[in-house]
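Remarks on the structure that follows.
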Amino acid sequence: MSALIRVEQLTKAYPTGGGAVPVLHGIDLSIAPGEFVAIMGPSGSGKSTFMNILGCLDVPSSGHYYLDGKDVSALPPDDLAAMRNRTIGFVFQGFNLLKRASALDNVALPLLYAGVGKAERRHRATELLQATGLGRHLHSLPSQMSGGQQQRVAIARALVNRPPLILADEPTGNLDSHTSHEIMDILTRLNREQGITIILVTHELDIAHYAKRLVRFVDGHIVEDGVPSR
Ligand SMILES: Nc1ncnc2c1ncn2[C@@H]1O[C@H](COP(=O)(O)OP(=O)(O)OP(=O)(O)O)[C@@H](O)[C@H]1O
Ligand SMILES: [Mg+2]
């Protein structure tokens with residue numbers, strides 16, 4: 001069984017005035033296709049640092065990262081970006097939508113970068129917005145939508161390139177409890193019905209319970225890796 005994600009002895013240190021500060025200390029982790037993994041841990045324990053490396057937004061200081069069997073720790077920036085666009089959809093806490101663009105244009109944007117034609121872009125973005133319950137908001141601006149609706153736009157955008165992997169860093173961090181559970185239901189369905197691998201950072205145990213596996217970080221180490229317990 002080949003892993004979708006495999007990291008070996010991964011470290012990250014950020015350069016500062018007083019020398020490099022280590023944040024991740026030799027992480028080993030393997031994630032198979034179709035898994036749904038929650039990452040928890042105290043603030044500053046390295047979760048976002050780790051997610052940024054998994055998302056090919058940053059590179060490790062040492063160690064290896066194999067994404068879909070390919071060693072991406074040493075790829076040049078252009079190849080890394082291509083790998084990222086093909087393989088990964090991102091969902092962030094702050095939604096990261098373009099303020100002046102409609103829901104439709106926000107979702108279609110990654111397809112523009114991928115060189116997909118206009119008709120196909122509209123078609124796929126519309127389909128995804130309808131699937132996330134936003135069929136009536138195609139032309140709404142982010143400011144005209146609720147937090148939950150904006151996060152659904154962000155999920156639709158993450159899916160538009162049909163990536164096998166979704167990385168979500170505190171996707172419910174800005175949402176009320178009811179809306180958080182709606183967002184988690186969408187992610188659960190994507191995992192169950194389409195086999196999309198999901199890795200999600202959360203501070204809330206009831207959100208982590210949607211996952212089938214819980215990995216806990218403390219001070220840049222993995223201290224627990226198992227099934228979330230009730
Ligand atoms: N770009 C950076 N330059 C220097 N230090 C950084 C940088 N990004 C993060 N850090 C430091 O690395 C450590 C881990 O940060 P990280 O953002 O990964 O934590 P986190 O687990 O995601 O925390 P939170 O739960 O608050 O989001 C922190 O001490 C932080 O100050
Ligand atoms: Mg973080």
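The values are calculated or read from the model by the stated rules, or taken from the named source; none is laboratory data. Bear in mind that the values here come from a model prediction, so they are computed numbers and not experimental data. With ideal geometry, Cβ positions are generated from the backbone for all residues, glycine too; neighbour counts draw on all protein chains shown. Quick note on the areas: whole protein, heavy atoms, side chains included, nothing else; ligands and nucleic acids left out. Shrake-Rupley method; radii C 1.70, N 1.55, O 1.52, S 1.80 Å.
Applying the criterion of at least 2 residues that are touching a strand residue (DSSP E or B) at 6+ places or on another chain (Cβ under 8 Å) to the helices (runs of 4 or more DSSP H) found wholly in the range 108-206 leaves 147-159, 177-194. Answer yes or no as to whether residue 71 is more than 19 Å from residue 151 (Cα to Cα) and not hydrophobic (A, V, I, L, M, F, W, C). Here the answer is yes, as residue 71 does meet what is asked. Listed by first and then second residue, the pairs linking a residue in the range 1-14 that is over 18 Å from residue 167 (Cα atoms) to a residue that is in a loop (DSSP other than H, G, I, E, B) and hydroxyl-bearing (Ser, Thr, Tyr), with Cβ atoms under 6 Å apart and 6 or more places separating them unless they lie on different chains, are 11/61; 12/61; 13/61.
Of all residues in the range 162-194, exactly one satisfies the criterion of being open to solvent by 40 Å² or more (accessible area, probe 1.4 Å), in contact with a Gly (Cβ under 7 Å, 6 or more places away or on another chain) and more than 16 Å from ligand 2 (Cβ to nearest atom), namely 182.
Listed by first and then second residue, the pairs linking a residue in the range 212-230 that is within 11 Å of residue 38 (Cβ to Cβ) to a residue that is open to solvent by less than 60 Å² (accessible area, probe 1.4 Å) and aromatic (Phe, Trp, Tyr), with Cβ atoms under 6 Å apart and 6 or more places separating them unless they lie on different chains, are 212/36. The requirement of being within 19 Å of residue 190 (Cβ to Cβ) and either open to solvent by 30 Å² or more (accessible area, probe 1.4 Å) or within 16 Å of ligand 1 (Cβ to nearest atom) (or both) is satisfied by residue 86. The number of residues in the range 30-58 being away from ligand 2 (no atom under 16 Å from the Cβ) and either open to solvent by less than 10 Å² (accessible area, probe 1.4 Å) or under 16 Å from the mean Cα position of the chain (by Cα) (or both) comes to 7. Selection over the range 147-176 of residues that are basic (Lys, Arg) and farther than 18 Å from residue 113 by Cα gives a count of 1.
Taking the criterion of being more than 16 Å from ligand 2 (Cβ to nearest atom) and open to solvent by less than 30 Å² (accessible area, probe 1.4 Å), the residues of the range 14-29 that qualify are 26, 29.
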